[in-house]
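Student: Shown below is the structure under consideration.
The values are calculated or read from the model by the stated rules, or taken from the named source; none is laboratory data. These numbers were taken from a predicted model, which means no experiment stands behind them. Quick reminder, even Gly has a Cβ in these numbers, built from the backbone with ideal geometry, and neighbours come from all protein chains shown.
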Protein chains: 2
Amino acid sequence: MTAVGYASNGQPRKVEAHSQLLGRRIATLGPYSPLFYREPLELVSGSGVWVSDRQGQRYLDAYNNVPHVGHSNPRVREAVAKALGTININSRYLTEQPIAYAERLLATFAPQLDRVMFTNSGSESNELALRIARQHTASDGVLISDFSYHGNTTSLAQMTTGLQVAEPLGDHVRPIRIPDVPQDASAQETASLVSSALAEVDRAIDLLTARGHRLSAVLLDPSFSTEGLPRVPVSYLRGLVERVHKAGGLYIADEVQSGFGRLGSWMWGHQRFGVDPDLVTLGKPMGNGIPIGAVVLPDGLLEEFGSRNQYFNTFATTAVPSSAAQAVLDVMADEQLAARAEQIGRALREDLTGYALTDPFVSDVRGQGLYLGIELTVAGEPAPALAGWLSEALRERGVLASRIGRHDNVMKVRPPLVFGSQDARTLASALEDALAEAAQGEWARHAAVGGRA
Amino acid sequence: MTAVGYASNGQPRKVEAHSQLLGRRIATLGPYSPLFYREPLELVSGSGVWVSDRQGQRYLDAYNNVPHVGHSNPRVREAVAKALGTININSRYLTEQPIAYAERLLATFAPQLDRVMFTNSGSESNELALRIARQHTASDGVLISDFSYHGNTTSLAQMTTGLQVAEPLGDHVRPIRIPDVPQDASAQETASLVSSALAEVDRAIDLLTARGHRLSAVLLDPSFSTEGLPRVPVSYLRGLVERVHKAGGLYIADEVQSGFGRLGSWMWGHQRFGVDPDLVTLGKPMGNGIPIGAVVLPDGLLEEFGSRNQYFNTFATTAVPSSAAQAVLDVMADEQLAARAEQIGRALREDLTGYALTDPFVSDVRGQGLYLGIELTVAGEPAPALAGWLSEALRERGVLASRIGRHDNVMKVRPPLVFGSQDARTLASALEDALAEAAQGEWARHAAVGGRA
């Protein structure tokens, strides 16, 4: 089979169409739809935190957040099958399930975030939140972190800073650098970093205003996952939101990555900063793989938008996605998954932090709950090639992970939330083994052909 | 329970929150999410072309196109449950099901439309198609019919002409009037209508160019459903596409309404004009209620877009939506649903056309396959209030339908494709009965409180 070009995270590379299925994929979806690994992994089954490939090899899934309560979760399957055998009709008719789910979901937010509009994806949620913010402020200026991604529509492409898109940044969009405070920074160093980052916010707002784009919103992921899970001081986020509000804009928290207990102690990522957003957007883990997203907002913003726009979303607000999402909350409650994420994530982070002290390549371990980042450096410089090699090395050891960050050098550990203590040990052990091999210089010989995994 | 305001198709009205569920809905989703009927219908089950409300009343569904192969179709349910119990993971891993479906789907298109990009909805599909067209043409001018709707994102709101949105039409958007040729028009009258409509296209393209927005695309629904199913001559569409191509733009066919055999003889609505689109967008009926959409395009456009943009869509291109969509094609093939839609639609249209000759209010019967429109007029004027009354009267007779068109006076008959001959007779009989009541003047007394159903 002929070799074909792939673009992954903007880096084109060649891979062999090693399997018939890959050839069929290229002939229908084309060569650009991104694939992990030098030799893409064909998966045929999954259960809990485990998936299996066509050859029967099992892999511990330490990467995927969409199967939030586990691959092939039986309660999600039953809930969906039940809705598909009963009634699944658009929201211009009354059906019980979307309303029951809306009540359950809203109970997890601050009291003023009391309304929900359902969508089919995180992209649709961010699109809608920005429409609402633009209409509320009668303006369109947007602040965005300078290495982030919020969706695949035109408006969102115009504010994409962390992924290759052909659209230039909009004139109405201004990227800001999120401060990343070193773990051992003094209070004074932290204050200085925050102060200079907030000065950048002031300048960005002034620039937008000068360009004729008064501020409409800041859109951010409270875990700053694309950025590589930087350590962001509470004082920065508070100062940022204060400035946004003062300029008349709204704070939109994109909880697609950080929500649903991912960060452990908090159901929602924004809660760790103690500042309530004006709008919250949801996606990925919400329906365990059944497409569903949402915008959570106060009654006042809904009133303003709803009275001026007929918003209708055919698939959203129907029984199938809301039943799947309800089952996710059921499993989370019954298995105490947020508390478990906190506990297992903390133990895993402490365990991995051990490496940071001894391993030549691990310079930092970051994150919260079950979203951890392991920063890799060589001689003090970011080591994306090592991170690529490590993804492949983990795969060879039966563990799925990937990488994130501005320099693509932060190993990303973000397993289904049903990840247990034994799973954490399996991951840590595979990582230890792979890093030992890396220490012998193995990685450098392969890095040249690595590409992103 | 207190009365609350509803906005439906831009017309606010008051309804009593007659049920506890409606009260709960308002307290979570707010009062603006549109609902059919004066007293909204709470549905608890569905099977084939039938749905049932909480009181056990059954209704023949002559309206809903999302349950394309019928409510609660067992093959769709089984296919989805199977995928949910096996593997349902994002497309950065290889899985068989999305590729198998892509092959099956592409086989239904002209040979040059040989690639597919999956999405979660018609809105996402149209967003993506417009991004591709804009990048291909390095411009952004768009022609749109002057009473149409293609989705709920910001870009699409800026080209919405058939529904209330707060966003004004974009400077880069120009609406055109689609010619509606009377059934009894002579060849000369038709030619004259086409000629003047094409002159409007020329002026629209010139205007966009003069404004600095060279043409990027025309985006249209080949059934012109929002417009009320006008009779559009083949020569018009050919002339329109010729002009679009000559100006450097692309023809995007939005098959969300007209696709998957809905129009009977043709799998795709664009086929009835014999002009292949450059891009085709899919949505609604594709997964029988499981969210899925797609953009079908030639390899060259995919190459151009894919090499410059990393497009990734988390939920799309996974096993669950493609299994649902595959089951839809299976049922369509096994039950010959497109041929059946042609045959039953034709008989029903002929039956209903009988009314056009005798009923004082029915001025025309239009449409193709199982997408029919019954135009209602009073003294030669469009009669939206009568159409609203008729929707309610049909509901009282156990039949679900609604209305469309610039004047909201065209009864919309668009049942699941498994609609049979007996169902068609049930619908025709309910319609005859309701129209007989209307002829006695009943409708006028109620019309004032009618609202849109």
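Student: Could you figure out which of (1) aliphatic (A, V, I, L, M); (2) surrounded by fewer than 22 Cβ atoms within 10 Å (Cβ to Cβ); (3) more than 8 Å from chain B (Cβ to nearest Cβ) isn't true of A:LEU21?
Tutor: (3)
Student: Determine whether B:LEU130 is facing chain A (nearest Cβ under 9 Å) and surrounded by fewer than 21 Cβ atoms within 10 Å (Cβ to Cβ).
Tutor: Considered against the rule, which asks whether it is facing chain A (nearest Cβ under 9 Å) and surrounded by fewer than 21 Cβ atoms within 10 Å (Cβ to Cβ), B:LEU130 comes out as no.
Student: Which residue is modelled with the lowest pLDDT, if the candidates are limited to the range B:165-188 and must be touching a Lys or Arg at 6+ places or on another chain (Cβ under 8 Å) and farther than 21 Å from A:THR153 by Cβ?
Tutor: Once the filter is applied, the top-ranked residue is B:GLN183.
Student: Here is a further query. Specify the residue that is nearest to the other protein chains (Cβ to nearest Cβ); the eligible residues are those in the range A:47-62 that are over 20 Å from A:LEU22 (Cα atoms), out of contact with any Gly (no Cβ under 7 Å at 6 or more places or on another chain) and surrounded by 21 or more Cβ atoms within 10 Å (Cβ to Cβ).
Tutor: A:ASP61
Student: Within the range A:296-329, which residues are more than 7 Å from chain B (Cβ to nearest Cβ), over 30 Å from A:VAL418 (Cα atoms) and touching a helix residue (DSSP H, G or I) at 6+ places or on another chain (Cβ under 8 Å)?
Tutor: Of everything in the range A:296-329, those that are more than 7 Å from chain B (Cβ to nearest Cβ), over 30 Å from A:VAL418 (Cα atoms) and touching a helix residue (DSSP H, G or I) at 6+ places or on another chain (Cβ under 8 Å) turn out to be A:LEU301, A:GLU304, A:PHE305.
Student: Which condition does B:THR153 not pass, out of (1) surrounded by 24 or more Cβ atoms within 10 Å (Cβ to Cβ); (2) over 19 Å from B:ASP221 (Cα atoms); (3) within 23 Å of the chain's Cα centre (by Cα), if it passes all the others?
Tutor: (2)
Student: Hey, another quick one. Any residue that is buried (at least 22 other Cβ atoms within 10 Å of the Cβ), under 20 Å from the mean Cα position of the chain (by Cα) and assigned to a loop (DSSP other than H, G, I, E, B) - is there at least one of those in the range B:372-393?
Tutor: No, that holds for no residue.
Student: Okay, moving on. If you go through the range A:385-411 one residue at a time, how many are in contact with a Leu (Cβ under 9 Å, 6 or more places away or on another chain), closer than 20 Å to A:ASP53 by Cβ and of a type in the set (Gly, Ala, Ser)?
Tutor: Going through the range A:385-411 one residue at a time, the tally reaches 4.
Student: Restricting attention to the range B:224-260, which residues are among the small types (Gly, Ala, Ser), surrounded by 20 or more Cβ atoms within 10 Å (Cβ to Cβ), farther than 21 Å from B:VAL365 by Cα and out of contact with any Pro (no Cβ under 7 Å at 6 or more places or on another chain)?
Tutor: B:ALA247, B:GLY249
Student: Please specify each residue of the range A:313-327 satisfying the condition of being part of a loop (DSSP other than H, G, I, E, B) and among the polar types (S, T, N, Q).
Tutor: A:ASN313, A:THR314, A:THR317, A:THR318 - these are the residues of the range A:313-327 that are part of a loop (DSSP other than H, G, I, E, B) and among the polar types (S, T, N, Q).
Student: Among the candidates A:GLN368, A:GLN310, single out the residue that is polar (S, T, N, Q), outside the structural domain of A:GLY287 (by TED's automatic domain parsing) and within 26 Å of A:GLY287 (Cα to Cα).
Tutor: On inspection, the qualifying residue turns out to be A:GLN368.
Student: Checking A:PRO111 against (1) more than 17 Å from A:THR281 (Cα to Cα); (2) more than 7 Å from chain B (Cβ to nearest Cβ), only one condition comes out false. Which one?
Tutor: (1)
Student: A:LEU348 versus (1) surrounded by fewer than 18 Cβ atoms within 10 Å (Cβ to Cβ); (2) modelled with pLDDT of 95 or more; (3) more than 14 Å from every other protein chain (Cβ to nearest Cβ): which is the lone unmet condition?
Tutor: Just one mismatch for A:LEU348, condition (1).
Student: OK, next. Quick check: anything in the range B:260-283 at the interface with chain A (Cβ under 7 Å from one of its Cβ atoms) and either of a type in the set (Val, Ile, Thr) or under 21 Å from B:TYR101 (Cβ atoms) (or both)?
Tutor: No, that holds for no residue.
Student: Of everything in the range B:261-283, what is surrounded by fewer than 24 Cβ atoms within 10 Å (Cβ to Cβ), in contact with a Ser or Thr (Cβ under 8 Å, 6 or more places away or on another chain) and aliphatic (A, V, I, L, M)? Give them in sequence order.
Tutor: If the condition is that a residue be surrounded by fewer than 24 Cβ atoms within 10 Å (Cβ to Cβ), in contact with a Ser or Thr (Cβ under 8 Å, 6 or more places away or on another chain) and aliphatic (A, V, I, L, M), then B:MET267 is the only one that fits.
Student: Has the range A:32-44 got at least one residue that is out of contact with any helix residue (DSSP H, G or I) (no Cβ under 9 Å at 6 or more places or on another chain), without any contact (Cβ under 8 Å) to a residue 60 or more places away in the chain, of a type outside the set (Phe, Trp, Tyr) and within 9 Å of chain B (Cβ to nearest Cβ)?
Tutor: Within the range A:32-44 (the criterion being out of contact with any helix residue (DSSP H, G or I) (no Cβ under 9 Å at 6 or more places or on another chain), without any contact (Cβ under 8 Å) to a residue 60 or more places away in the chain, of a type outside the set (Phe, Trp, Tyr) and within 9 Å of chain B (Cβ to nearest Cβ)), the answer is yes, since at least one residue qualifies.
Student: Scan the range B:63-80 for residues that are in contact (Cβ under 8 Å) with a residue 60 or more places away in the chain, facing chain A (nearest Cβ under 9 Å) and farther than 14 Å from A:ALA319 by Cβ and jot them down.
Tutor: B:ASN73, B:GLU78
Student: Against the conditions (1) in contact (Cβ under 8 Å) with a residue 60 or more places away in the chain; (2) surrounded by fewer than 20 Cβ atoms within 10 Å (Cβ to Cβ); (3) within 14 Å of chain A (Cβ to nearest Cβ), where does B:LEU105 fall short? Just the number, please.
Tutor: (2)
Student: Within the range A:375-395, is there a residue that is in contact with a helix residue (DSSP H, G or I) (Cβ under 7 Å, 6 or more places away or on another chain), closer than 27 Å to A:TRP268 by Cα and small (Gly, Ala, Ser)?
Tutor: There is no residue in the range A:375-395 that is in contact with a helix residue (DSSP H, G or I) (Cβ under 7 Å, 6 or more places away or on another chain), closer than 27 Å to A:TRP268 by Cα and small (Gly, Ala, Ser).
Student: Follow-up. Which condition number in (1) part of a loop (DSSP other than H, G, I, E, B); (2) within 21 Å of B:VAL296 (Cα to Cα); (3) away from chain A (no Cβ under 12 Å) is the one that B:VAL181 fails?
Tutor: Only one criterion is unmet by B:VAL181, namely (2).
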